[in-house]
Amino acid sequence: MNTITLKPAKDKSLARRHPWVYANAIEHVDGKPAPGATVVVRARDGRFLARAAYSPQSQIRARVWSFDEAEPVDHAFFKRRVQRAIAHREAMIRDTGATRLIFGEADGLPGLIVDYYVADDASKRGQLVCQFMATGVEAWKEAIVAALVAATGCPNVYERSDVSIRQKEGLEQITGVLAGDPPPETLIANECGVRYHVDVKNGHKTGFYVDQRDNRVLVAQYARERDVLNCFCYTGGFSLAALKGGARRVVSIDSSGEALALAQQNVLANGFDPERAQWLDADAFKTLRRLHDEGERFDLIVLDPPKFAPSREHVDRAARAYKDINLTGFKLLRPGGLLFTYSCSGAIDADLFQKIVAGAAADAKVDARILKRLGAGVDHPLLTAFPEGEYLKGLLLQIA
Ligand code: SAH
């Protein structure tokens with residue numbers, strides 16, 4: 001029997017239902033669990049705490065499958081977890097062809113991400129895209145894929161496990177077809193009335209930033225007759241939402257030519273006037289300053305940069321980068337203008353992010369008011385026991 005016994009007093013976080021066991025909490029491991037094998041986690045006094053997936057190379061040495069002693073980890077377990085995740089979303093999420101079906105720990109499947117692009121008229125087929133980021137879900141990959149196909153009725157499953165975090169688990173990066181047909185060149189997801197091309201094979205993450213859906217809807221609501229700037233636009237998520245919402249003009253910046261090419265296709269796919277959209281293939285830091293120097297001003301600005309702080313060591317440098325873009329962002333706003341600003345760095349919490357933005361407003365000499373705190377959509381739930389799950393935070397601000 002593979003068992004992990006914790007050091008005295010190291011059972012507290014599991015008692016609070018936090019789903020990770022750190023290496024330094026372990027007193028000893030009995031048996032010879034392979035990577036991804038199921039282990040029973042016990043307190044020093046022998047009490048059952050959890051069943052978990054063993055990860056011998058990671059500092060997160062085990063990830064909890066279940067706190068219920070009566071619940072075995074088998075094929076039926078994965079079927080139930082997948083069905084539950086989908087059932088929870090069915091009642092909440094409508095009008096979208098792009099949904100996060102499984103969000104790791106919050107769905108009781110640590111290390112697993114699954115996005116579902118529902119078939120639309122043009123692509124005529126749905127596509128599931130998975131990221132396996134821990135040994136446990138890696139070991140149960142076949143069972144998980146079978147459960148996903150059965151629960152959604154979508155036969156096509158693609159893997160995008162080309163994420164560096166797999167190194168920490170001793171896993172190679174891999175991509176490829178897990179079931180059904182390979183993803184088509186043009187997969188189109190219809191999100192709240194806007195059609196987006198999704199490049200499942202080569203795009204970022206699973207091809208699209210599904211997490212920003214609610215925020216794109218919000219931008220559409222406030223975009224009417226406004227001059228909009230969308231910085232770090234990728235394939236034009238917020239830009240298209242602004243056009244849909246009736247923006248007068250949208251200037252978008254990204255340093256990826258491929259992303260911008262897809263963004264321009266998205267304008268045509270939605271029948272918007274290309275004259276209203278301007279695309280700048282450039283560095284956002286420099287371009288923000290240049291636009292300011294040239295006297296450009298906007299009514300609504302979106303700043304949704306990549307993860308500036310991949311880990312704690314990068315927090316100081318990242319904070320300076322966030323401050324830099326937010327400072328210039330504030331200066332580029334007309335009086336009464338709106339700023340949608342985001343950080344997807346897990347290492348920068350909502351408090352710190354707000355402080356950084358406050359510092360930027362002070363340096364820009366503007367009175368900025370928070371209208372709304374923003375986060376990922378309801379298909380990215382945050383487990384109360386697992387605050388680490390909150391990676392995306394944002395603020396909607398208005399300057400006086
Ligand atoms: N807002 C987007 C997602 C942004 S992802 C959406 O809703 O879909 C971050 C983007 O920043 C990527 O497309 C990347 O190409 C771009 N990027 C990274 N560094 C950049 C830089 N210095 N200047 C401009 N764009 C940059």
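The values are calculated or read from the model by the stated rules, or taken from the named source; none is laboratory data. On a predicted model such as this, the values are computed, not experimentally measured, just so you know. All Cβ positions, glycine included, derive from the backbone under ideal geometry; neighbour counts span all protein chains shown. These area figures cover heavy atoms from the full protein model, side chains too; ligands, DNA and RNA do not enter into them. Shrake-Rupley method; radii C 1.70, N 1.55, O 1.52, S 1.80 Å.
Give me the number: length gained by fully extending residue 16 to residue 370, i.e. 0.36 nm times residue separation minus the C-alpha to C-alpha distance, one decimal in nm.
124.2 nm
Whole-Hz Karplus ³J(HN,Hα) for the range 333-339, in order, using 6.51 cos²θ - 1.76 cosθ + 1.60 and θ = phi - 60°, x for Gly and Pro?
Each residue of the range 333-339 in turn: 8, 6, x, x, x, 10, 10 Hz.
Points 7 angstrom from Cα along the Cβ direction at residue 388 and residue 296: gap in nanometres?
4.0
Tell me, in nm to one decimal, what length is gained between residue 316 and residue 27 on full extension, where the rule is 0.36 nm per residue of separation less the Cα-Cα distance?
Result: 100.6 nm gained on full extension.
For residue 354 and residue 270, FRET efficiency with R0 = 25 Å and r from the beta-carbon atoms, rounded to 0.05?
0.15
If I model a spin label at residue 214 and residue 59 as a point 7 Å from the Cα along the Cα→Cβ vector, what separation in nanometres do I get?
3.0
Helix-only mean residue ellipticity at 222 nm, the chain, DSSP H runs n ≥ 4 weighted -39,500 (n - 2.57), per residue, nearest 500. What is it?
-8500 deg cm²/dmol
Keeping all protein chains in position, work out how much accessible area residue 18 exposes to a 1.4 Å probe, and write it in Å² to the nearest 10.
Accessible area of residue 18: about 20 Å².
Using r as the Cβ-Cβ distance of residue 282 and residue 334, and R0 as 25 Å, what FRET efficiency do you calculate, to the nearest 0.05?
That pair, residue 282 with residue 334, gives E of 0.65.
Heavy atoms of the protein only, probe of 1.4 Å, neighbouring chains included. What is the accessible area of residue 307 in Å², nearest 10?
Surface accessible to solvent at residue 307 totals approximately 120 Å².
What's the longest uninterrupted piece of the chain once you rule out the GluC sites (Glu not before Pro) that are loop residues per DSSP with at most 11 other Cβ within 10 Å?
Between exposed loop sites, the widest span is 1-171.
Among the listed pairs 244/365; 205/331; 79/201; 12/323, which are separated by more than 28 Å between their Cα atoms?
Exceeds cut-off: 244/365; 205/331; 12/323.
Using +1 at the C-beta of Lys and Arg and -1 at the C-beta of Asp and Glu, which of 18, 6, 37 has the Cα lying farthest in the positive direction of the dipole of the range 1-43?
Projecting each Cα onto the dipole axis, the largest value belongs to 18.
Give me the dipole magnitude in Debye, nearest 20, for the chain about the Cα centre, with unit charges on the beta carbon: positive for Lys and Arg, negative for Asp and Glu.
With only Lys, Arg, Asp and Glu charged at Cβ, the dipole is about 920 debye.
Give me the net charge for the shell around residue 8: Cβ to Cβ below 11 angstrom, other residues only, Lys and Arg +1, Asp and Glu -1.
So the environment of residue 8 carries a net charge of +1.
Where the accessible area of the range 1-159 is counted over protein heavy atoms with a 1.4 Å probe, how much of it, in %, is carbon and sulfur?
That share works out to 51 percent.
Alpha carbon centre of the range 190-228 versus the range 11-54: separation in Å?
40
If you put +1 on each Lys and Arg Cβ and -1 on each Asp and Glu Cβ, how big is the dipole of the range 209-399 around its Cα centre, in Debye rounded to 20?
500
Once you keep just the Cα pairs under 8 angstrom separated by 6 or more residues, what percentage relative contact order results for the chain?
Reported relative contact order: 11 percent.
What's the magnitude of the charge dipole for the range 75-187 around its Cα centre, counting Lys and Arg as +1 and Asp and Glu as -1 at the beta-carbon? Answer in Debye, nearest 20.
About 380 debye.
Run the numbers on the range 3-66 and let me know its relative contact order in percent, using alpha-carbon pairs under 8 Å that are six or more apart.
Relative contact order, the range 3-66: 37 percent.
Toward the positive end of the charge dipole of the range 75-187, about the Cα centre and with charges on Cβ (Lys, Arg +1; Asp, Glu -1), which of 88, 131, 156 goes farthest?
Of 88, 131, 156, it is 88.
Where does each of 281, 363, 299 land when they are ordered by accessible area, with a 1.4 Å probe and the largest first?
281, 363, 299
For residue 7 and residue 224, what does the FRET efficiency come to when R0 = 51 Å and r is the distance between their Cβ atoms, rounded to the nearest 0.05?
Working from the Cβ atoms, E equals 0.30.
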